[in-house]
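Below is one structure, written out as structure tokens; the observations come after it.
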Amino acid sequence: MILEAVDIQLDIDGRTALRSQSVVCRPSVMTALVGPSGSGKTTLLNCLGLMQKPTSGQVLLEGVDTTSWGDARRRRFWRDHASFVLQDYGIMLEESVAFNVTMVSSLWGRRVGGDVQRMRRALAMTGLQAREDELAAHLSGGERQRLGIARSIYRDATVLLVDEPTASLDIANRDRVIELLQERARQGCTLVVASHDPVLIEACDVQHLVAAHDVAPVMAS
Ligand SMILES: Nc1ncnc2c1ncn2[C@@H]1O[C@H](COP(=O)(O)OP(=O)(O)OP(=O)(O)O)[C@@H](O)[C@H]1O
């Protein structure tokens, strides 16, 4: 699925959080959003994932303008296509590792629902096999990051939006996360990564610079 930002800008509370960005993110390509702290990488990632609506400009999915999409249509996009791995991992710490992959519990809520075989395959691919019954709170930062990726593998997401996946990881875990992301891209996923990590940025196919900008108040017209 092709995600495209066309000259988008986002103003929040009278300040510009993201200034005039255009970028095309394609399937099987890892696109890095790079730039100094506060330049708007996370904001651009959120706009591309339809989590935030730009103040001006367009976000296109497969060439279709999403500007007028309501909540139901955006939710369909998230359900059917997109997976997010966010800075706080998006992990439910008081739930089991298995639940965090499928996000489905059984009818009686005591067992994990969903496709158990597929869940186990996703955990094996991310090196978390045999951890399925543990609480997610017991996992390390690197393991939680991999758990977020396991969820996207389980969901077979065609779009994967990842915020700072290697921040605060040791070298071994960082390399492992990078390999997993590259594997997802090889399988056809449209992968967009906001990052400061030079090793991860170098591993991406495309580097998009989100230029720093001043945060002067937006002038009322
Ligand atoms: N909800 C918000 N309310 C007000 N300002 C915001 C909000 N979200 C982001 N901003 C501002 O928008 C700008 C861009 O923030 P963003 O988090 O996208 O930057 P970033 O490049 O991802 O930064 P970092 O590398 O430090 O994570 C910053 O000046 C930030 O303070």
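Do you know the relative contact order of the range 1-105, to the nearest whole percent, from alpha carbon pairs under 8 angstrom that are 6+ apart?
Relative contact order for the range 1-105 comes out at 27 percent.
Using a simple charge model, +1 on the beta-carbon of Lys and Arg, -1 on the beta-carbon of Asp and Glu, nothing else, what dipole does the range 1-113 show about its Cα centre, in debye to the nearest 20?
220 debye
With r as the distance between the Cβ atoms of THR67 and VAL116 and R0 = 45 Å, compute the FRET efficiency 1/(1 + (r/R0)^6) and round to 0.05.
Here the calculated transfer efficiency is 0.65.
From the Cα gyration tensor of the range 69-169, with a ≥ b ≥ c the square roots of its eigenvalues, which class applies: rounded if a/c is under 1.5, or else prolate if a/b is larger than b/c, or else oblate?
Cα axes put the range 69-169 in the oblate bin.
What would the Debye formula give as log10 I(q)/I(0) at q = 0.15, 0.17 Å⁻¹ for the alpha-carbon point model of the range 4-129, no solvent?
Once normalised to I(0) and log-transformed, intensities are -0.86, -1.00.
Taking 0.36 nm per intervening residue step and subtracting the Cα-Cα distance, what contour gain separates LYS53 from GLU95 on full extension?
12.0 nm
Using +1 on the beta carbon of Lys and Arg, -1 on that of Asp and Glu, and nothing else charged, what's the dipole of the chain about the Cα centre, debye to 20?
Using only the charged Cβ atoms, the result is roughly 620 debye.
Picking from ALA194, ALA98, ALA211, which is most flexible by a Gaussian network model of the chain using Cα springs under 10 Å?
Among ALA194, ALA98, ALA211, the largest GNM mean-square fluctuation belongs to ALA211.
Any chance you could get the radius of gyration and Dmax over the Cα atoms of the range 8-52, in Å?
11.0, 37
Around GLN58, with a cut-off of 10 angstrom between Cβ atoms, what is the net charge of the other residues, counting Lys and Arg +1 and Asp and Glu -1?
Here the charged neighbours net out to -3.
Cα extents of the chain along the three principal axes, largest first, in whole Å?
Principal extents (largest minus smallest coordinate, Cα): 57, 39, 30 Å.
Bear in mind these aren't lab numbers, they're just calculated from the coordinates by the rules spelled out. What you are looking at is a predicted structure, and each value in this text was computed from that prediction instead of being measured. Glycine gets a Cβ as well: all are built from the backbone with ideal geometry, and neighbour counts include every protein chain shown.
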